[in-house]
Amino acid sequence: MGRVTARTPVVRISGDRVVTRPDTLAVEEPLEMRVDGQVLAVTMRTPGNDVDLVHGFLLSEGVIGTRDDVSVVRYCDGVDETGANTYNVLDIALAPGVPLPDHTTDRNTVVSSACGVCGKTSLDAVRTTTRHPLVGDTTSVTSTVLSAMPVTLRESQRIFERTGGLHAAGLFTATGELLALREDVGRHNAVDKVIGWAITDGRVPLYDTILIVSGRASFELVQKAVMAGLPVLGAVSAPSSLAVELAQESGLTLVGFIRGDSMNVYSHPHRVEVTNSRAVEPTVAQRS
């Protein structure tokens, strides 16, 4: 397994004081994902939980639906100048009968740690039909429990404490129990890793669970949640307009700006039960 942190000297300036000292950084390295020996994508990620990452990525791309669709995942070929395995190449063998990825929708660039779907040849190819639709889902979470989830997520980020440079994604029950947490330099990788954990643990579709992310809610994160059958996605920051549009179309409850006891519910608010709060009448502007 590759390093998740690295040390480097820095010049620390504080007022008129200058000190040279070591600093801890989050590692970013490429991971080449192959399906039956053919390169599917290269993503920039923090090493660790790579098998989870690949499972989550394949689910979000519509290649697999459950863990039974994957036969074998193995590291291969990646070596450094000394001949040591870099653990930066993973080959996935799909189960018999599972079709290979449709290369007419392949990513045409390396996927950076800041980008989830920017390598797609077309936006339409991203609107993959989920195998786990949310029709009839009855998940309900109280606003009190939901507001505590980002706090739990932040307190559980072990590598962030050392580097300050990682995104996090966490899966919670509707009662607030943290099931799994993953960190990565890429927010989409963190989501893939935590969904991938759920796939290998036999938990997909993820009905009755809540996904919380440490940053904003972009289109690709909503897509990944929908593909996994997640009914609620919460973020500490803002969603994008396209993320809200996809959430509304897909039946997903999208919540942003979860800070303290306040939050914005952008779609399907029926899953969020307001607690310890009184209803506020809409203003004239809101009514219009």
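The values are calculated or read from the model by the stated rules, or taken from the named source; none is laboratory data. Since the structure is predicted, the reported quantities are computational estimates derived from the model, not experimental observations. Cβ atoms come from the backbone with ideal geometry, glycine included; neighbour counts cover every protein chain shown. These accessible areas exclude ligands, DNA and RNA; they are computed on the full protein's heavy atoms, side chains included. Shrake-Rupley method; radii C 1.70, N 1.55, O 1.52, S 1.80 Å.
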Restricting region 30-64 to residues that are of a type in the set (S, T, N, Q) and farther than 15 Å from Thr130 by Cα, the one surrounded by the most Cβ atoms within 10 Å (Cβ to Cβ) turns out to be Thr46
Give me a count of the residues in region 147-165 that are within 18 Å of the chain's Cα centre (by Cα), open to solvent by less than 50 Å² (accessible area, probe 1.4 Å) and either modelled with pLDDT of 85 or more or of a type in the set (Asp, Glu) (or both).
5
So the check is Cβ under 9 Å with 6+ separation or different chains; which pairs have a first residue in region 3-23 that's within 24 Å of Arg45 (Cβ to Cβ) and of a type in the set (A, V, I, L, M, F, W, C) and a second one that's modelled with pLDDT under 85 and assigned to a strand (DSSP E or B)?
Val4/Ala26; Ala6/Thr24; Ala6/Leu25; Ala6/Ala26; Val10/Asp23
Every residue in region 183-212 that is open to solvent by 10 Å² or more (accessible area, probe 1.4 Å) and either more than 17 Å from Val63 (Cβ to Cβ) or not β-branched (Val, Ile, Thr) (or both), please.
Glu183, Val185, Arg187, Trp197, Asp201, Gly202, Arg203, Pro205, Tyr207, Asp208, Thr209
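Residues checked against (1) surrounded by 24 or more Cβ atoms within 10 Å (Cβ to Cβ); (2) within 24 Å of Thr5 (Cβ to Cβ):
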position	(1), (2)
Thr175	no, no
Ser214	no, yes
Val222	yes, no
Ala228	yes, no
Pro231	yes, no
Pro239	yes, no
Residues (over 30 Å from Asn49 (Cα atoms) and open to solvent by less than 100 Å² (accessible area, probe 1.4 Å)) located in region 1-17:
Val11, Ser14, Gly15
Exactly one of Pro282, Pro269 is of a type outside the set (Lys, Arg) and modelled with pLDDT of 95 or more, and that one is Pro269
So which strands (runs of 3 or more DSSP E) stay within region 1-74 end to end and still have 2 or more residues that are among the charged types (D, E, K, R) and in contact with a Pro (Cβ under 8 Å, 6 or more places away or on another chain)?
17-26
Can you pull out the residues in region 75-92 that are open to solvent by 20 Å² or more (accessible area, probe 1.4 Å) and either at pLDDT 95 or above or in a loop (DSSP other than H, G, I, E, B) (or both)?
Cys76, Asp77, Asp80, Glu81, Thr82, Gly83, Ala84, Thr86, Tyr87, Asn88
In this structure, is Pro133 modelled with pLDDT of 55 or more, within 19 Å of the chain's Cα centre (by Cα) and over 30 Å from Thr24 (Cα atoms)?
yes
Out of Val63, Val126, Val111, Val70, I need the residue that is at pLDDT 95 or above, closer than 29 Å to Ala243 by Cβ and either among the small types (Gly, Ala, Ser) or touching a helix residue (DSSP H, G or I) at 6+ places or on another chain (Cβ under 9 Å) (or both). Which one?
Val70
